[in-house]
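Colleague: Mind having a look at this structure? Questions to follow.
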Amino acid sequence: MTVVPALRLMSRKACCLCEDAEIVLADFVAQERCTLEVLDVDQDVVLAARYGMDVPVLLIKQQVQLMHRIEQEDIELLLT
């Protein structure tokens with residue numbers, strides 16, 4: 001069984017870039033190339049303090065990989 005990367009997306013409601021990132025990432029999840037956990041930074045004071053308005057933020061193994069505009073090509077590079 002192949003282990004796929006676990007991605008975390010720091011997001012918030014009413015954020016166009018966050019919505020775009022979720023759409024892009026959903027394709028990779030559907031292809032079983034990764035798993036995705038979406039966290040609403042406004043629901044956690046620690047996350048809100050850490051990321052503020054800098055969303056979306058994509059993390060792999062607790063390391064920030066991408067911020068703001070998250071494009072399909074960028075995800076492709078991360079997962080290869």
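Colleague: Among residues belonging to region 49-80 that are of a type in the set (A, V, I, L, M, F, W, C) and more than 15 Å from residue 8 (Cα to Cα), point out the one that is surrounded by the most Cβ atoms within 10 Å (Cβ to Cβ).
Modeller: Result: 77.
Colleague: Any chance you could count how many residues in region 35-55 are in contact with a Lys or Arg (Cβ under 7 Å, 6 or more places away or on another chain) and closer than 17 Å to residue 74 by Cβ?
Modeller: 1
Colleague: Residues being outside any helix (DSSP H, G or I) and either out of contact with any Ser or Thr (no Cβ under 9 Å at 6 or more places or on another chain) or on the phi > 0 side of the Ramachandran plot (or both): count how many of those fall in region 29-74.
Modeller: Going through region 29-74 one residue at a time, the tally reaches 25.
Colleague: Just to be sure I understand, how many residues within region 1-16 are under 20 Å from residue 63 (Cβ atoms) and touching a Pro at 6+ places or on another chain (Cβ under 9 Å)?
Modeller: 3
Colleague: Hey, another quick one. Of a type outside the set (Asp, Glu), assigned to a helix (DSSP H, G or I) and at pLDDT 95 or above: is that true of residue 24 in this structure?
Modeller: Criteria met by residue 24.
Colleague: For residue 32, state whether it is touching a Lys or Arg at 6+ places or on another chain (Cβ under 9 Å), in contact (Cβ under 8 Å) with a residue 12 or more places away in the chain and loosely packed, with under 11 Cβ neighbours inside 10 Å.
Modeller: Here the answer is no, as residue 32 does not meet what is asked.
Colleague: Against the definition (under 10 Å from the mean Cα position of the chain (by Cα), assigned to a loop (DSSP other than H, G, I, E, B) and not basic (Lys, Arg)), how does residue 3 come out, yes or no?
Modeller: So residue 3 does not fit the description; no.
The values are calculated or read from the model by the stated rules, or taken from the named source; none is laboratory data. From a predicted model like this one, the values you see are computed outputs, not experimental measurements. Note that we place each Cβ from the backbone using ideal geometry, even for glycine, and neighbour counts take in every protein chain shown.
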